[in-house]
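Each value in this text was obtained by applying a stated rule to the coordinates, not by laboratory testing. Remember, predicted model here, so these are calculated numbers, not experimental data. A quick note on method: Cβ atoms are made from the backbone with ideal geometry, for glycine too, and the neighbour counts reach across all protein chains shown.
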Amino acid sequence: QVHLVESGGGLVQPGGSLRLPCAASGTIFSINAMGWYRQAPGKQRELVATITSGGSTNYADSVKGRFTISRDYAKNTVFLQMNSLKPEDTAVYYCNADVKRLPMLPLRGYWGQGTQVTVSS
C-alpha cells in the first residue's frame, strides 16, 4: 500500500505564507508526477501545481508567481510554498502522486487525506 500524508495547513492572514509538505510512504518502486490540488466549499477539486520526475512544473493561472512546487526525490516528498495568500485560496489542499509500486505494475494515482488552508483576517 501507499500512503500520502499532508501537513502544514492552518489559518493565515491575507498576504501571509504557508508551506505544505506531503510525504509518500509504503511500497514504492518509483514515483512519476506529484502534485497539489484544492477543493473549496461548493466547488470542484482543481489543479494547483504539478511537478514531474524530471522536475518540470505546471501551475494554475490563479497561483502563478505566488506558489512554488518543489520535490525531495530522496524522501518521496513534495512541497507547496504559498506566498501572498488571498482569501480565495481558502480550500482543502490535497496531495497526489503517480506511483509504480513494483516494476511490473502500472502507474496508479494516490491521494492524501487533505489539509485545510484558511486565509482570513
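Taking the Cα centre of the range 1-66 as origin, sum charge times position over the Cβ atoms of Lys and Arg (+1) and Asp and Glu (-1), and report the length of that vector in debye to the nearest 20. If you can, show how the numbers build up before the last one.
Values: 6 positive and 3 negative charges, 29 e Å.
Charge dipole of the range 1-66: 140 debye, to the nearest 20.
In the chain, taking the dipole from charged Cβ atoms about the Cα centre, the farthest positive-side position among Tyr37, Ser17, Gly112 is held by Gly112.
Each residue of the range 92-97 is assigned a 3J(HN,Hα), and the resulting list reads 8, 9, 10, 8, 9, 9 Hz, derived from the Karplus form 6.51 cos²θ - 1.76 cosθ + 1.60 (θ = phi - 60°), x at Gly and Pro. When you count the other C-beta atoms within 10 angstrom of each residue and take the mean per peptide, 9-21, 78-90 line up highest first as 78-90, 9-21.
For the chain, with only Lys/Arg (+1) and Asp/Glu (-1) charged at the beta-carbon, what is the dipole magnitude about the Cα centre, in debye rounded to 20?
On the way: 12 positive and 7 negative charges, 32 e Å.
The dipole magnitude comes to about 160 debye.
Here's the list of lysines a cross-link from Lys43 could span, going by alpha-carbon distance under 25 Å and ignoring same-chain residues fewer than 8 apart: Lys64, Lys86. At full extension, Ile28 and Ser84 could sit 16.7 nm farther apart than now, given 0.36 nm per residue minus the alpha carbon distance. Using C-alpha pairs below 8 Å separated by at least 6 residues, the relative contact order for the chain is 37 percent. The range 29-48 and the range 86-101 have Cα centres lying 4 Å from one another. Across the range 78-87, coupling constants 3J(HN,Hα) worked out from phi with the 6.51/-1.76/1.60 Karplus curve, θ = phi - 60°, read 10, 10, 10, 8, 10, 10, 6, 5, 10, x Hz, and Gly and Pro carry x.
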